[in-house]
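Engineer: Before anything else, here's the structure in question.
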Amino acid sequence: MFKRQMIKTVHLSPSRVQIPFKGSGLNDDMSAWFSLRRSDTELFISYLFVPEVKKSAVLRNPNAGFRIGYFHYPRLIMATVRRPILVLGATGRQGGSVVKGLRKIQWPVRAFVRDPSDPASIALREASAEIVHGSLEDSDTIASAMKDVHGVFSVLPANLSADDEVRYGTLIADLAAESQIDHFIYSSGASVGDKLTGIPRFDAKPRIEAHIRALPLTATIVRPMIFMEMLVRPGFGLEEGRLISLIRPDHSIQLTAVDDIGKIVAAMFVDKARFAGLTLKIASDRVTGHELESIFTEAADKPITYARFSDDVLAANGDLAHMASSLEDGPLAEHVDLKLMREINPEVVSLRSWLRGAGRTQLKEALHRGKV
Ligand SMILES: NC(=O)c1ccc[n+]([C@@H]2O[C@H](COP(=O)([O-])OP(=O)(O)OC[C@H]3O[C@@H](n4cnc5c(N)ncnc54)[C@H](OP(=O)(O)O)[C@@H]3O)[C@@H](O)[C@H]2O)c1
């Protein structure tokens, strides 16, 4: 009878995997060497040289604790090693959800962080991500973080000037092209349309998109719709039993649960052939203003009324007004194929279930904000 054994340490180099059997219950002095063949998306162990080993083992990626297979000497049953995905903004919302989505399918992650001692970075390490320390200002650290990775997920912080956003977004894509990355995924914005607006901060993402499309780079662009998280932020009236947002009550808004971005992006890395070259809007649910009222009333267990921002507020805030008009008849109004979303990510959440699950704490905080 073959017995499964857990191997705790495996040394992985670009061409070889060494499996020390120490502590495995096999022969303590024995090690096995595998020669690796690099395919488009994965490293395959193609040859197995194991001295008289008659037991089976579980192989693990050293960086990510990723199970790569079982073998029963002399026959290799299954052994694939995926090269990691470099995730930028890994301590943030989107990057964090991509790390989660990739780790869920046991894909190794290299997380690019500004401060390795930050609790969010420590949590990433505990989730078996490899941590690389760097900053968007330092192109050398970004380039070296791209060494030997399969893919890159690029998302930029929201607080950049338009010039910096374009500078960093194009630089990251250039470095990925130079590093001959297999699959590059850039998270853009759903308000991006086909035409530039002439307003630099609205045009930064479409300019980065255009730059990526012109590069010799296999890329997918995702455009997430408005985050569900945005509805439970301060200033939207929930503590006073009101929800104020950007649509008229009988119009609909498409919302994305940030967790779904990570699951969809992970599915895209898995199926590069299908998603290469595509630009895809991402959403989890579509609801009208009237539905927002009933869904929030049910989730809060008290009446919540829905209203659109007043015309005065919109007139005084260019960004809100831009989004409101985009939701009315611009890019944010274009229907996302929710059936396709469910097909790519069968766990896609509705707003109702998000408010009961991942969004519950934020909803409670929003309802009680300002109350002792
Ligand atoms: N669809 C929507 O409703 C919606 C809503 C909000 C934002 N967005 C878009 O989403 C994007 C922002 O993504 P997000 O919400 O995931 O961002 P986020 O949660 O604010 O996270 C930003 C990430 O970038 C990192 N970062 C900031 N400055 C950096 C630097 N100089 N070098 C390296 N890393 C740096 C942060 O690291 P630290 O943890 O060290 O700060 C963090 O990991 C923007 O493009 C924004 O326009 C969309």
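Engineer: For each of Ile247, Ile199, Ile131, count neighbouring Cβ atoms within 10 Å of the residue's Cβ, then give the residues from fewest to most.
Structural biologist: Placing the least packed residue first, the sequence is Ile199, Ile131, Ile247.
Engineer: Using Cα positions and a limit of under 17 Å, work out the aspartates and glutamates in reach of Lys104, with same-chain residues fewer than 8 apart set aside.
Structural biologist: Glu126, Glu130, Asp259, Asp260, Asp271, Glu347
Engineer: A further question follows. Looking at the calculated P(r) for the range 107-151, what percent of the C-alpha pair distances fall above 13 Å?
Structural biologist: 52 percent
Engineer: For the range 207-272, with the dipole built from +1 on Lys and Arg beta-carbon atoms and -1 on Asp and Glu ones, taken about the Cα centre, which of Ser245, Ile212, Val258 lies farthest toward the positive end?
Structural biologist: Farthest towards the positive end: Ile212.
Engineer: Fully extended, how many nm does the chain gain between Leu340 and Glu239 (0.36 nm per residue separation, minus their Cα-Cα distance)?
Structural biologist: Working it through step by step, the gained length comes to 32.8 nm.
Engineer: Taking Rh as the Kirkwood radius computed over C-alpha pairs, what is the Stokes-Einstein D of the range 246-321 at 10 °C in a medium of viscosity 1.306 mPa s, expressed in µm² per second?
Structural biologist: Once the numbers are plugged in, D ends up at 105 µm²/s.
Engineer: So for the range 83-224, considering every pair of alpha-carbon atoms, how many percent are separated by more than 22 Å?
Structural biologist: 34 percent
Engineer: Also: What ³J(HN,Hα) values, in whole Hz, does the Karplus curve 6.51 cos²θ - 1.76 cosθ + 1.60 give for the range 116-129 when θ = phi - 60°, with x put for Gly and Pro?
Structural biologist: Karplus values, whole Hz, x for Gly and Pro: x, 8, 5, x, 5, 5, 5, 4, 5, 4, 5, 8, 6, 8.
Engineer: Please sort by residue number the GluC sites (Glu not before Pro) in the range 102-205 whose DSSP state is loop and whose Cβ has at most 12 other Cβ atoms within 10 Å.
Structural biologist: Hits after loop and neighbour filter: Glu137.
Engineer: Of Lys272/Lys339; Lys195/Lys272; Lys205/Lys302; Lys100/Lys339, which sit over 30 Å apart, Cα to Cα?
Structural biologist: Lys205/Lys302
Engineer: Once R0 is set to 25 Å, what does the formula 1/(1 + (r/R0)^6) return for the Cβ-Cβ distance between Ser310 and Leu196, expressed as a FRET efficiency to the nearest 0.05?
Structural biologist: Here the calculated transfer efficiency is 0.25.
Taken together, the values in this text are just the output of simple stated rules run on the coordinates, not laboratory data. Since the model is a prediction, treat every value here as computed from it, not as a measurement. Positions of Cβ are generated from backbone atoms using ideal geometry, with glycine treated the same way; all protein chains shown enter the neighbour counts.
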